[in-house]
Amino acid sequence: IGTSNTGTQYAAALSGDGELLVTGDFYGMLKLYRWSGSTYVLRWSASVGTPWVAGVDISADGSTIACGTGYANGKLCVFDSSSSTPLMVYQNYGSSGAYVSSVALSADGSRVAAASWGDIAPSGTFRVFTVHNRSDTTPLVAITRDEEPGSLFACDISADGQFACAGGKAVHAQQMGNGGEVYAVIVGATPAVNAGFGAVASPG
């Protein structure tokens with residue numbers, strides 16, 4: 001698949017049977033391809049309304065597609081694979097520096113997780129991690145800047161959508177510093193933020 005003038009540094013995503021392939025580029029385009037028997041043919045493309053498409057994923061059953069966007073004003077976009085019109089757009093990761101770098105879908109597409117750099121602001125109720133039902137903008141689980149001082153770079157969710165994880169840097173991605181956190185999340189449990197983590201004291 002040619003990527004001239006539409007390059008991306010992020011991996012593409014495949015459905016479980018390899019029939020569908022999803023890419024995102026730095027011109028703000030999300031693209032879905034279908035295997036023809038000899039090559040992948042473009043099925044549809046969608047403009048996500050921000051300059052970059054970052055992380056992309058497609059559910060194992062091929063029903064659902066998700067992408068993160070940035071560089072600023074990052075958002076999560078979720079699509080049914082049959083349509084280039086989003087099922088859901090969620091944008092509460094802040095503004096400056098808020099880059100949604102990673103998304104992950106359960107096997108049937110019913111749940112989606114998203115990890116974000118979050119706004120560069122040192123405090124706030126904007127999110128750096130969310131888990132949603134497929135078309136619901138109200139997060140089932142959310143971690144805010146007030147709870148997480150840094151930027152989350154990657155996330156994953158289990159095939160059944162019951163467990164999720166995320167990890168990243170202990171300060172915002174645009175700031176110098178080291179150390180980081182890994183979150184293990186039980187989706188839908190009763191605590192407001194049901195994340196378990198342990199500090200690594202050395203190196204600081």
In the stretch 161-177, what count of residues is obtained for those that are closer than 30 Å to THR85 by Cβ and open to solvent by less than 20 Å² (accessible area, probe 1.4 Å)?
3
So which residues in the stretch 80-100 are without any contact (Cβ under 8 Å) to a residue 60 or more places away in the chain, within 13 Å of the chain's Cα centre (by Cα) and buried (at least 19 other Cβ atoms within 10 Å of the Cβ), if there are any at all?
TYR90, GLN91, TYR93, ALA98, VAL100
Among (1) under 22 Å from ALA12 (Cα atoms); (2) at pLDDT 95 or above; (3) not charged (D, E, K, R), where does VAL128 come up short?
(1)
In the stretch 58-71, residues that are closer than 15 Å to ALA104 by Cβ and either within 11 Å of the chain's Cα centre (by Cα) or part of a strand (DSSP E or B) (or both) total 6
Looking only at the stretch 132-162, count how many residues are charged (D, E, K, R) and more than 20 Å from ALA60 (Cβ to Cβ).
5
Filter the stretch 38-57 for residues that are open to solvent by 60 Å² or more (accessible area, probe 1.4 Å) and outside any strand (DSSP E or B) and give the result.
SER38, THR39, GLY49, PRO51
Counting only residues that are within 19 Å of CYS67 (Cα to Cα) and of a type in the set (Asp, Glu), how many does the stretch 114-161 have?
3
Per the filter on the stretch 104-120, residues open to solvent by 10 Å² or more (accessible area, probe 1.4 Å), under 22 Å from VAL22 (Cβ atoms) and either of a type in the set (Val, Ile, Thr) or within 12 Å of the chain's Cα centre (by Cα) (or both) are LEU105, ARG111, TRP117
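The values are calculated or read from the model by the stated rules, or taken from the named source; none is laboratory data. Keep in mind that this is a model prediction, so the values were computed, not measured. Counting neighbours? That spans all protein chains shown, and the Cβs are built from the backbone with ideal geometry, glycine included. Please note that ligands, DNA and RNA were not included when accessible areas were found on the heavy atoms of the full protein model with its side chains. Shrake-Rupley method; radii C 1.70, N 1.55, O 1.52, S 1.80 Å.
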